[in-house]
Number of protein chains: 2
Amino acid sequence: MSGFPVFASRRVRSTPFSARIEASGLSAYTVYNHMLLPTSFASLEEDCAHLKRAVQLWDVSVERQVQLKGPDARKLAVLMSARDLTKAVPGKGYYTPICQADGGMLNDPIALCIAEDLFWFSIADSDMLLWAAGLAHAYQLDVEITEPDVSPLAIQGPLANQVMSDVFGPAVTALKFFAFDYFDWRGHKLMIARSGWSKQGGFEIYLHDSTLGLNLWDDIWEAGRAYDMRAGCPNLIERLEGGLLSYGNDMTREDTALECGLEKFCSLDSGHEFIGKHALLAQREAGLTKHIASLHIDGAKIAPITKIARCSIAGQQCGFVTSAVYSPDFDLNLGLAMLSIEQAENGQRINVEIEGQIRKATVL
Amino acid sequence: MSGFPVFASRRVRSTPFSARIEASGLSAYTVYNHMLLPTSFASLEEDCAHLKRAVQLWDVSVERQVQLKGPDARKLAVLMSARDLTKAVPGKGYYTPICQADGGMLNDPIALCIAEDLFWFSIADSDMLLWAAGLAHAYQLDVEITEPDVSPLAIQGPLANQVMSDVFGPAVTALKFFAFDYFDWRGHKLMIARSGWSKQGGFEIYLHDSTLGLNLWDDIWEAGRAYDMRAGCPNLIERLEGGLLSYGNDMTREDTALECGLEKFCSLDSGHEFIGKHALLAQREAGLTKHIASLHIDGAKIAPITKIARCSIAGQQCGFVTSAVYSPDFDLNLGLAMLSIEQAENGQRINVEIEGQIRKATVL
């Protein structure tokens, strides 16, 4: 934590749930897609332990939707996505890298096929709307690109099924991973997916009307009382334990989808074209020179790193740590690092410079 | 202020000057272009008074540069800019709206012509790089688009000339507004412009190498001792006193350049084409239905507003306040509002709802 408060303004948007979040023990914010995102409540460690044993309500309104609507919506979605969306079907979400021409990562959204002519990209932290709009403008595509009033609210944790069943009926628990459907609530149809940015399981509700935010929060909160529900948020410890990458932290425009370990989400052998395909094919052919890897970092408990930390072997720089934190459950300092492939094999011991101190680390 | 600290991570970038800023009385941050931006030190009011009487050193690294380089750099810069850049000359900066096809504002950078085939957009808070890259990709332009390692550092206030003259020699004070040139410093050539986001006058140094940040800060700081220099930042009170608009606060994609009062920066009658031109011409012909206006809001001192505040006349909604704060020097609550033109004439009295309380306000 920087320790310095966030100065609020219209530009740094609050969410339909901010009033509840701020009254539920929030201890720190970050900003993501020009909007406030909670990052901790009691503490990273307490939040993590609770997430793994109970259930949490997460304000993830920052997962903004870039909506493509119109006759060319699918054409544009397909062009932008490394994953083949030519046969994407309504009711399903598809995690996909979005690359620039050289294969560098621009975002890694969930693409949601809402209807044949309507797609949402539920985005990570970069203005995908502008990329989509620039392409659509120049290609003269017949597609309207907007950011609709949609604010995801996540229910995450092992007891998520129980809470959701109590609020929306047992049918909601039949949803398969990354599938979504519509469920009645107070006379509204809510779009609900089995998804979320943890490995603990759960749901995301794509609330389509900000003015309903506090009612929705309160109804779920009430049902959650029986399950020790707390307000929570994507947790740094839990995501590193689970190996979840964060755009802007572990991957940037400087890193290709292959270097980020996302080849399984890149449809390089399908017949369709997408931006970045040629570069990724060439890179697959030539072989990678760097890639993202997990690390165990020796020594005493570290604080979450806030900038890249240099890695070296025998004085030779071999990459840098992009995220790292101490995991109490593993009793280890966990990290993700972008490392030279040649130097950083599995089991390799490397040096990591954190806050001016050199530590040993093992590449996994 | 939200009162909640910012959680730091690689994604929310610190700057080459962060260490000095945080040791110089910083009291709040915001996030702008995925990077930390100081927003207050002693207090908004003290900072403002000091800025008007002395000189401040501002970390405005968040003014990221979108670099267009190559044979088609000018072609793309011209296409993106509402202001005619066809004859832009090296050494000059040009404030320009950037619009989407319907005229809606995407950003309002300073376009800097560095060389015939090299332009920088010194941007407000949206990922202009993605807009530029989408257009360049689809139009197959021969231009490389990057974010170079450039971190602006501003010297603002009535004593800015003295400080700059002491550090860089008296020639720097000959710079005309929005002109830039190169000045020697410790064996480096620094690009320096007379510009900055205040009405108090001053300079911006486009530092081209992050590793020099602390040395540069320290040298200017040392020279500033004779002039009561403090660390500062763009100040909400001073910008509202001066009528400076902030992208994301007072203008968004929902507002055209004309509605934002920027017609004088739109070259609608030049022969060249740019994105949004047709929509802006049509709107000029048809007349505006809303526009940005200044307000004086009655009653006791208000805290800075953090969300839009609805405006009405006789119960009819007529727009909303986008920014507002109390000015001690004017002894008035100042605001900017996007208002229906028909209802909101000069001198008109309207109602403004701030924090659940209705106040009277006068449209200027």
For peptide B:238-244, compute the average count of partner chain beta-carbon atoms within 10 Å of each residue's beta-carbon. 0
Rounded, prolate or oblate (a/c below 1.5 giving rounded, otherwise prolate when a/b exceeds b/c) for chain A by Cα gyration tensor: oblate
Cβ under 11 Å from residue B:109's Cβ, residue B:109 left aside: what net charge do those residues give with Lys, Arg +1 and Asp, Glu -1? -1
If each DSSP helix of 4+ residues adds -39,500 (n - 2.57) and the sum is divided by the residues in chain A, what number results at 222 nm, nearest 500 deg cm²/dmol? -5500 deg cm²/dmol
For the stretch B:17-34, in order, what is each residue's ³J(HN,Hα) by Karplus, 6.51 cos²θ - 1.76 cosθ + 1.60 with θ = phi - 60°, in whole Hz (x at glycine and Pro)? 10, 3, 4, 6, 4, 6, 9, 10, x, 4, 10, 7, 10, 10, 10, 8, 6, 6
Shielding of A:131-143 by partner chains, average beta-carbon count, 10 Å: 6
How much length is gained on full extension from residue A:101 to residue A:87, taking 0.36 nm per residue of separation minus their Cα-Cα distance? 2.8 nm
Regarding the stretch A:102-213, what are the three Cα extents along the principal axes, ordered largest first, in Å? 48, 32, 25
Taking 19 Å as the cut-off for C-alpha to C-alpha distance, list the pairs among B:199/B:307; A:277/B:75; A:52/A:264; B:75/B:277; A:264/A:290; B:69/B:176 that go past it. B:199/B:307; A:277/B:75; A:52/A:264; B:69/B:176
Put a point 7 Å out from Cα along the line to Cβ at residue B:171; what are the distances to that point in the other copies, in nm, shortest first? 7.7
I need to check one value: relative contact order of chain B, counting alpha carbon pairs closer than 8 Å and at least 6 residues apart, in percent. 17 percent
FRET efficiency estimate (nearest 0.05) - Cβ-Cβ, residue B:345 to residue A:254, R0 45 angstrom: 0.30
Fewest-first ordering of B:306, A:362 by Cβ atoms within 10 Å yields A:362, B:306
Going from the fewest other Cβ atoms within 10 Å to the most, one would list A:108, A:47 as A:108, A:47
Express in whole angstrom the spacing between the alpha-carbon centres of the stretch B:119-133 and the stretch B:255-295. 20 Å
If you build the convex hull over the alpha carbons only and average its shadow over all orientations, what do you get for the protein assembly as shown? Give it in nm² to one decimal. 31.5 nm²
The stretch B:207-364: C-alpha gyration tensor shape, a/c 1.5 cut-off, then a/b vs b/c: oblate
Arrange the peptides B:95-103, A:150-158, A:325-333 so that the one whose residues have, on average, the most other Cβ atoms within 10 Å appears first. A:150-158, B:95-103, A:325-333
For residue A:338, what charge total do you get from the other residues with a beta carbon under 12 Å from its beta carbon, if Lys and Arg give +1 and Asp and Glu give -1? -1
For the stretch B:1-112, state the semi-axes of the equivalent ellipsoid (square roots of 5 times the eigenvalues of the alpha-carbon gyration tensor), sorted largest first and rounded to whole angstrom. 33, 17, 15
Residues other than residue B:306 with Cβ under 13 Å of its Cβ, Lys/Arg counted +1 and Asp/Glu -1, net out at +2
Starting from the amide H of residue B:185, placed 1.01 Å from N in the peptide plane, find each other amide H under 5 Å away whose residue is 5 or more places distant or on another chain. B:190
For B:229, B:191, B:128, what's the fewest-to-most ordering of other Cβ within 10 Å of each Cβ? B:191, B:229, B:128
Quote the convex hull volume per residue of the stretch A:183-226, based on C-alpha atoms, as a whole number of Å³. 91 Å³
What ranking do A:76-82, A:310-316, A:109-115 get when scored by the average of other Cβ atoms within 10 Å per residue, highest first? A:76-82, A:109-115, A:310-316
Amide H contacts under 5 Å for residue A:252, placed H, 5+ residues apart: A:105
Per-residue HN-Hα couplings for the stretch A:176-184, Karplus 6.51 cos²θ - 1.76 cosθ + 1.60 at θ = phi - 60°, whole Hz, x for Gly and Pro? 8, 4, 6, 8, 9, 8, 10, 10, 6
Let me know the charge dipole size of chain B about its Cα centre in debye, to the nearest 20, where only the beta-carbon of Lys, Arg (+1) and Asp, Glu (-1) is charged. 200 debye
Taking DSSP loops as anything outside H, G, I, E and B, show the longest stretch in chain A free of GluC sites (Glu not before Pro) there with at most 16 other beta carbons within 10 Å. A:117-253
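Rule-based calculations on the coordinates, nothing more; no lab input. Not measured: the values here are computed from a predicted model. FYI the Cβ positions are ideal-geometry reconstructions off the backbone, even for glycines, and counts take in every protein chain you see.
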